[in-house]
Amino acid sequence: MKQCDALAVNDRVSDIRATSRSLPIALLRARERVMGPIRAMLADAGVTEQQWRVLRVLDEHGASDATRIAKSACLLMPSLTRIIHSLEAKGYCCRCTDCGDRRRAMIEITEAGRAVIECNIPESNRIFAQLEAEYGEDRIEKLLDMLNDLSDQA
């Protein structure tokens, strides 16, 4: 194991932003604050956060190829492959062939997948309304705009 020079570490610490002002840590804390109630809703629905994101993307965009789903749902392709298999096994999505390019597989939400979303819309809306009431609708909208601007910079 490598030994550290305590003085050098203490000198370096002064150059590092405090964790209370670290953007990555602040984003993680905010994510946990938002996702806590949503995780409970999803557990009751029998789907994971990642499965929910895929279902939402498919419901919003219609039949899509894996690349578009992965990008829209913020997933890596190997994870998406596993998630799609799981959703297919549950009957929430299915694969079909793209009419324009028969080599390309498209993923489509099924009625059962739509039912999962429809069944959870009231609770999802309740959770979001509670967050808006606690934090402020204007502040939520501003935060969303700022975060979208930040992600668009990449």
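With respect to the conditions (1) at pLDDT below 95; (2) part of a helix (DSSP H, G or I), residue 4 lacks only one, and its number is (2).
Applying the selection to segment 54-82, what residues are among the hydrophobic types (A, V, I, L, M, F, W, C) and either over 13 Å from the mean Cα position of the chain (by Cα) or under 20 Å from residue 101 (Cα atoms) (or both)?
58, 63, 66, 69, 70, 77
For residue 124, the conditions (1) loosely packed, with under 12 Cβ neighbours inside 10 Å; (2) in contact with a helix residue (DSSP H, G or I) (Cβ under 8 Å, 6 or more places away or on another chain) all hold with the exception of (1). Going through (1) surrounded by 16 or more Cβ atoms within 10 Å (Cβ to Cβ); (2) under 26 Å from residue 23 (Cα atoms); (3) not hydrophobic (A, V, I, L, M, F, W, C) one by one, residue 110 falls short only on (2).
Can you tell me how many residues within segment 102-125 are acidic (Asp, Glu), over 19 Å from the mean Cα position of the chain (by Cα) and more than 14 Å from residue 62 (Cα to Cα)?
Initially, segment 102-125 is screened for residues acidic (Asp, Glu), giving 108, 111, 118, 123.
Next, from what is left, pick out any that are over 19 Å from the mean Cα position of the chain (by Cα): 111.
Still in the running and more than 14 Å from residue 62 (Cα to Cα): none.
Total satisfying the criteria: 0.
Evaluate the following for residue 92: is it within 19 Å of the chain's Cα centre (by Cα), surrounded by 12 or more Cβ atoms within 10 Å (Cβ to Cβ) and among the aromatic types (Phe, Trp, Tyr)? Considered against the rule, which asks whether it is within 19 Å of the chain's Cα centre (by Cα), surrounded by 12 or more Cβ atoms within 10 Å (Cβ to Cβ) and among the aromatic types (Phe, Trp, Tyr), residue 92 comes out as yes.
The values are calculated or read from the model by the stated rules, or taken from the named source; none is laboratory data. This one's a predicted model, so the numbers in the text were calculated from it and none came from an experiment. Because the Cβ atoms are built from the backbone with ideal geometry, glycine has one as well, and the counts that use them run over all protein chains shown.
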